[in-house]
Amino acid sequence: MNDVYIVGSDMIRFGRFPDKTVPMLGAESALLALDDAGVSITDIQALYCGNQLEAKAMSGQRILHLVGQTGIPVVNCANACATGATRCVKAGWASKRGCTTWSCASASSRWQRPARESGCTERYPR
């Protein structure tokens with residue numbers, strides 16, 4: 001078995017980005033992390049993508065399409081509050097078992113405005 005290391009990480013600032021899609025946000029953060037690690041997207045052998053709200057929308061595949069990488073395995077995961085940890089553990093397992101040398105664990109989400117900020121005045125009974 002191999003030792004596993006996290007060699008690069010990065011993120012974009014928290015905020016609202018109405019002009020960007022979830023895959024656009026994920027692609028940007030993934031490329032920043034790869035740059036921090038000193039590797040390119042062509043070195044990556046698998047992508048583990050965490051997205052709670054759009055896991056069924058093939059976020060990982062859409063991220064890879066945006067960065068110009070295709071033909072590698074993609075695992076989309078959603079695991080409530082543990083989504084981030086789940087994608088990292090799965091990427092680590094792939095390296096530990098010798099399936100990959102370089103994996104990317106990416107996450108991106110877009111949360112809607114709370115009802116009170118969107119002008120919604122409807123109240124739900126408690």
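Could you work out which residue, out of 97, 62, 87, moves most in a Gaussian network model of the chain, that is, has the largest mean-square fluctuation with Cα springs under 10 Å?
97
Going by the alpha-carbon gyration tensor, a ≥ b ≥ c the square roots of its eigenvalues, is segment 22-110 rounded (a/c under 1.5) or, if a/c is not under 1.5, prolate (a/b greater than b/c) versus oblate?
The shape class here is oblate.
Of the residues 106, 59, 40, which exhibits the maximal mean-square fluctuation in a Gaussian network model of the chain defined by a 10 Å Cα contact cut-off?
Per the Cα network of the chain with a 10 Å cutoff, 40 tops the list.
Over the chain, what is the percentage of antiparallel beta bridges among all DSSP beta bridges, to the nearest 5?
0 percent
With each run of n ≥ 4 DSSP H residues scored as -39500 (n - 2.57), what mean residue ellipticity at 222 nm is computed for the chain after dividing by its residue count and rounding to the nearest 500 deg cm²/dmol?
Result for the chain, helices only: -10500 deg cm²/dmol.
Could you list 89, 67 in order of exposure, starting from the residue whose Cβ has the fewest other Cβ atoms within 10 Å?
89, 67
Assuming R0 = 25 Å, can you tell me the calculated FRET efficiency for the pair residue 36 and residue 66, based on Cβ-Cβ distance, to the nearest 0.05?
In this case the efficiency is close to 0.85.
Tell me which of 44, 88, 67 sits at the most positive position along the dipole axis of segment 22-110, charges placed on C-beta atoms (Lys, Arg +1; Asp, Glu -1).
88
Determine the distance separating the Cα centre of segment 1-25 from the Cα centre of segment 82-111; give it in Å without decimals.
First find each Cα centre; the distance between them is then 12 Å.
Exposed loop chymotrypsin sites (Phe, Trp or Tyr not before Pro) only (DSSP loop, at most 13 other Cβ atoms within 10 Å): please give the longest stretch of the chain free of them, not including the sites.
Answer - 15-110.
Mark the label point 7 Å from the Cα of residue 19 along Cα→Cβ and return the residues of segment 52-89 whose backbone N is within less than 19 Å of it.
It comes to no residues whatsoever.
In a Gaussian network model over the chain where Cα atoms closer than 10 Å are linked, find which of 77, 99, 88 has the largest mean-square fluctuation.
Result: 99 has the largest fluctuation of those listed.
Once label points are set 7 Å from the Cα along Cα→Cβ at both residue 52 and residue 80, what is their separation, rounded to one decimal in nm?
1.0 nm
Taken together, the values in this text are just the output of simple stated rules run on the coordinates, not laboratory data. Every value quoted in this text rests on a predicted model; they were computed, and no experiment measured them. Here the Cβ is made from the backbone with ideal geometry for all residues, glycine too, and neighbour counts use every protein chain on show.
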